[in-house]
1. Multiplying the sequence separation of residue 3 and residue 167 by 0.36 nm and subtracting their Cα-Cα distance, what value in nm do you get?
2. For each of 184, 121, count neighbouring Cβ atoms within 10 Å of the residue's Cβ, then give the residues from fewest to most.
3. For a test of the definition: using alpha carbon positions, the gyration tensor, and the 1.5 limit on a/c, classify the range 274-339 as rounded, prolate or oblate.
4. Is the C-alpha gyration tensor of the chain telling us rounded, prolate or oblate? Criteria: a/c under 1.5 is rounded; beyond that, a/b larger than b/c is prolate, otherwise oblate.
5. Most exposed first by the Cβ proxy, i.e. fewest other Cβ within 10 Å, how do 61, 343, 316 rank?
6. Could you give the angle, 0 to 90 degrees to the nearest 10, between helix 10-21's Cα long axis and the longest principal axis of the Cα atoms of the chain?
7. How high is the FRET efficiency between residue 262 and residue 422 when r is their beta carbon distance and R₀ equals 51 Å, given to the nearest 0.05?
8. Could you tell me whether the range 1-143 comes out rounded, prolate or oblate from its Cα gyration tensor? Rule is a ≥ b ≥ c as square roots of the eigenvalues, rounded for a/c under 1.5, then prolate if a/b exceeds b/c, otherwise oblate.
Amino acid sequence: MTTPDWWPGEEHAAFTDWALSHGVVANGVTPARFPGRGLGMIATRGIKKGEALLEVPTSVMLRASDIPSSFKEQFPEDIAVHALLSAFLTHGSPELLSRYDLWRKAWPSRQDFEESMPILWPRALGGPQWPDSEKDTRTTTTNFLLPAISGHWNTIPKKQNQKQYETYHQNLLSQQETKLRKAWRDVLCVFPETDWKTFSYHWLIINTRSFYWVGAEEDPPEDRNDAMALLPFADYFNHSDAACDVHFSEEGYVFRATKAYKAGEEVFISYGTHPNDFLLAEYGFFLDENSSDAIYLDDIVFQDIKNHEKQEQLWMNQYYGNYHVTRHGVCYRTEVAACLTYMNEEDWQNHVLEGSSQGLDEATSEGTIKTWIRAYRNEVDTTMAALRTAIDTSPEVREHRQKAEMLLRRWAQIGDLCDRALEAVAI
Ligand SMILES: C[S@@+](CC[C@H](N)C(=O)[O-])C[C@H]1O[C@@H](n2cnc3c(N)ncnc32)[C@H](O)[C@@H]1O
């Protein structure tokens with residue numbers, strides 16, 4: 001019998017047999033190869049909306065509670081679950097880990113992560129310095145990484161004394177780096193001889209393949225990132241921005257179809273409503289079409305609203321930061337910040353608290369917002385031109401041409417998003 005062109009290969013067939021014989025129920029889906037996406041799930045027959053496609057019992061999952069206490073107790077109490085699971089995959093007893101051998105053979109390689117994940121990219125493309133990084137020989141100081149990932153701009157000076165606030169979709173790389181550096185310190189405390197490449201590989205496996213999990217008897221952890229588990233087989237699902245019907249209970253996880261599928265179609269789940277910069281930083285890919293795509297104007301807005309009292313007003317009224325733009329225009333927070341550039345304190349307070357339009361000038365607000373979006377558009381043009389030049393002239397960038405071209409594609413998307421938002425802005 002000839003194998004189909006999506007045939008995943010022997011190691012995936014062997015892992016599938018293991019999963020099915022250990023209680024995983026796959027109902028019309030199986031792993032398959034999809035160009036540009038590695039492995040994913042394919043519908044093996046017509047599937048109706050609402051059908052249960054996959055059940056993964058808790059007995060095959062890997063959670064913090066599955067790690068023996070004797071192993072856990074060696075680590076600092078505040079170790080993150082992500083770090084603990086990475087440490088267990090790196091240093092757990094071979095007898096306990098052997099049950100996952102076939103699953104682990106089905107994972108992507110470290111080389112795959114080096115290609116796709118900015119956190120492992122070379123310094124020349126804005127990647128961080130790690131124990132195995134090559135000497136920093138950058139000949140350019142341009143930031144080629146996207147501002148939401150790197151936290152840096154080429155054309156906009158970053159304000160130094162901004163307040164600390166939660167940003168879920170900005171400064172992504174430094175947040176990720178902080179977590180990985182802490183995990184690395186925690187594992188070295190207990191296993192000083194840990195191999196960086198192996199540990200960081202496991203950390204990235206967990207970063208890209210874990211699911212939200214809280215046990216029935218447990219309260220959700222303070223840090224949402226600690227509510228995680230690995231689900232063998234379910235981690236074949238790729239992401240799309242379509243809706244997704246996923247439930248978990250003490251028995252395990254159940255994935256249901258949110259639409260009908262024809263045999264041969266890829267079945268996706270949603271990893272969450274994430275903009276493309278987030279997908280690139282956290283998962284090493286981004287979508288061509290993403291209804292959740294957005295860019296953030298915070299550094300541009302704070303460059304404009306420098307006045308300390310005005311910044312305090314934003315802060316006190318909980319409008320400080322997280323100003324986002326989609327192709328449909330800007331969020332309400334951005335509109336509120338734009339009014340503050342020209343309204344007096346009393347009028348602005350009455351506007352945000354009571355909806356008063358005293359002192360509101362929609363044309364001025366619109367003009368301010370367009371100036372902010374144009375500043376982002378200018379950053380796109382400047383950086384794309386520099387990146388194109390670097391691809392042609394800089395040996396250290398040319399060596400990583402595929403990654404540089406991935407960045408160019410994302411910058412072009414952002415340029416397009418700015419143009420559409422400029423057309424859409426009308427308050
Ligand atoms: C949970 S795994 C999914 C299985 C994975 N494709 C594999 O080959 O093992 C998540 C990873 O799959 C890839 N991925 C998921 N959705 C994708 C998509 N829509 N396009 C491209 N790659 C995707 C990314 O590399 C991501 O880090």
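We did not get these values from a lab; they are worked out from the coordinates using the rules stated. Being a predicted model, the structure only gives us computed values, none of them experimental. Every residue, glycine as well, gets a Cβ built from its backbone with ideal geometry; the counts of neighbours run over all protein chains shown.
1. 54.3 nm
2. Fewest-to-most Cβ neighbours within 10 Å comes out as 184, 121.
3. prolate
4. In terms of gyration-tensor shape, prolate.
5. Taking fewest neighbouring Cβ atoms as first place, the list is 316, 61, 343.
6. 80
7. Working: r = 39 Å, r/R0 = 0.77.
Approximately 0.85, to the nearest 0.05.
8. On the way: a/c = 2.33, a/b = 1.28, b/c = 1.83.
Since a/c reaches 1.5 but b/c is at least a/b, the shape of the range 1-143 is classed as oblate.
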